[in-house]
Amino acid sequence: MNVVIIEDDDVIIESLTLLFRMRWPETKLVSSKLGDKGLELIVDWNPNLVILDLGLPDLDGLEVLKRIRLFSNVPVIILTVRGDEAEIVKGLEYGADDYITKPFKQLEFLARVKALTRRQEVPAIATCYQKGPFRLVSATHRLYLKDKEIALTHTEYLIFYKLLENANVVISHNTLSKMLWGEDYPDSVDAIRVYISRIRQKIHDDSSEPSIILTKTGLGYMLSA
C-alpha cells in the first residue's frame with residue numbers, strides 16, 4: 001500500500017508513520033508539509049490512500065482536496081482539528097472519503113483506514129452494470145447517464161452501485177453504513193446524506209425535489225428506475 005501524508009506537524013507525521021508500520025509493515029509512505037508538494041506526490045506516486053490535514057502553510061486543505069478531485073479518485077481521509085459540523089460537511093462535499101478530528105484515537109484511525117482499504121479491494125459484481133439510463137463501469141468508477149460521463153469518487157461509486165443494483169428498493173442507512181465502514185458508526189447518517197447530495201448534483205437530480213434518488217425518511221434511500 002502506498003500512502004501520501006499531507007500534514008505540517010512532524011509529531012503527527014511520525015505518529016501516523018509508526019501506526020502504518022506496525023499495522024501494515026509493507027506500507028510505503030511519503031509526506032509533505034505543503035499542499036502543492038503533496039499534489040505532486042499524488043501525481044508521482046499514484047497512492048492507494050491520502051491523509052490530508054486542512055491547516056497547511058501554503059494552501060487550505062480543502063483547496064488541496066478540490067484539486068485532487070480534478071485528476072484523481074484516490075481515497076482521501078481528512079485528519080484535522082476542525083471538528084465543527086459545517087467543516088465536516090464541507091470536507092465530505094469536496095470529495096473526502098472520511099473525516100477524522102484531532103486528537104484522534106489510534107485504534108479508531110486504524111479501523112477507518114482498514115474499512116476504506118477493504119472497500120477498495122471489494123471486486124465489483126459486474127464489469128459494466130446498466131439499468132435504465134445509467135451505465136456503471138467498475139474498472140474506471142465511471143457513471144454514464146445516457147452518453148454523458150460522470151466521475152465518481154470510490155465512496156460515491158459504492159453507494160450508487162448499491163442503489164442501482166437494488167433499484168426501486170429502499171436501502172437502509174444501516175446497510176450503507178456497514179458497506180462503507182464495516183459498522184454503523186456515529187454520524188454515518190449525516191455523512192451518507194452528504195454523499196447522496198453529491199451524487200444527486202452529479203446526475204442533475206434536484207436535491208429539493210429529487211426524482212431519481214429518493215429519500216425515505218427514517219429508512220434510507222431508493223433509486224427510482
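The values are calculated or read from the model by the stated rules, or taken from the named source; none is laboratory data. Only a predicted model underlies this, so the values are computations on that prediction, with no experimental measurement involved. Because the Cβ atoms are built from the backbone with ideal geometry, glycine has one as well, and the counts that use them run over all protein chains shown.
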- request: With respect to Ser197, determine if the residue is within 20 Å of Leu92 (Cα to Cα) and either assigned to a helix (DSSP H, G or I) or in the same structural domain as Leu107 (by TED's automatic domain parsing) (or both).
  value: yes
statement: Residues of the range 202-215 being within 21 Å of Lys131 (Cα to Cα) and surrounded by fewer than 13 Cβ atoms within 10 Å (Cβ to Cβ), in sequence order, are His204, Asp206, Ser211
- request: Would you check which residues across the range 112-153 are closer than 21 Å to Asp98 by Cα, part of a loop (DSSP other than H, G, I, E, B), at pLDDT 80 or above and out of contact with any Asp or Glu (no Cβ under 9 Å at 6 or more places or on another chain) and list them?
  value: Leu152
- request: With the checklist (1) touching a helix residue (DSSP H, G or I) at 6+ places or on another chain (Cβ under 8 Å); (2) not in a loop (DSSP other than H, G, I, E, B) in hand, flag the one item Glu87 doesn't pass.
  value: (1)
Hits in the range 23-39 - residues which are part of a helix (DSSP H, G or I) and either in contact with a Cys (Cβ under 8 Å, 6 or more places away or on another chain) or over 22 Å from Arg67 (Cα atoms) (or both): Arg23
task: Residue by residue through the range 1-40, note down the ones that are crowded, with 19+ Cβ neighbours inside 10 Å and among the polar types (S, T, N, Q).
output: Ser31, Ser32
- request: May I ask you to verify whether Glu108 is free of Cβ contacts under 8 Å to residues at least 40 places away in the same chain and either closer than 22 Å to Asp187 by Cα or surrounded by 14 or more Cβ atoms within 10 Å (Cβ to Cβ) (or both)?
  value: yes
task: Can you tell me which residue among Phe20, Phe104 is of a type in the set (Phe, Trp, Tyr) and assigned to a helix (DSSP H, G or I)?
output: Phe20
Count - residues of the range 195-221 that are under 18 Å from the mean Cα position of the chain (by Cα) and hydroxyl-bearing (Ser, Thr, Tyr): 2
message: Can you find a residue that is more than 22 Å from Leu143 (Cβ to Cβ), of a type outside the set (Lys, Arg), in contact with a Lys or Arg (Cβ under 8 Å, 6 or more places away or on another chain) and crowded, with 20+ Cβ neighbours inside 10 Å anywhere in the range 41-58?
response: yes
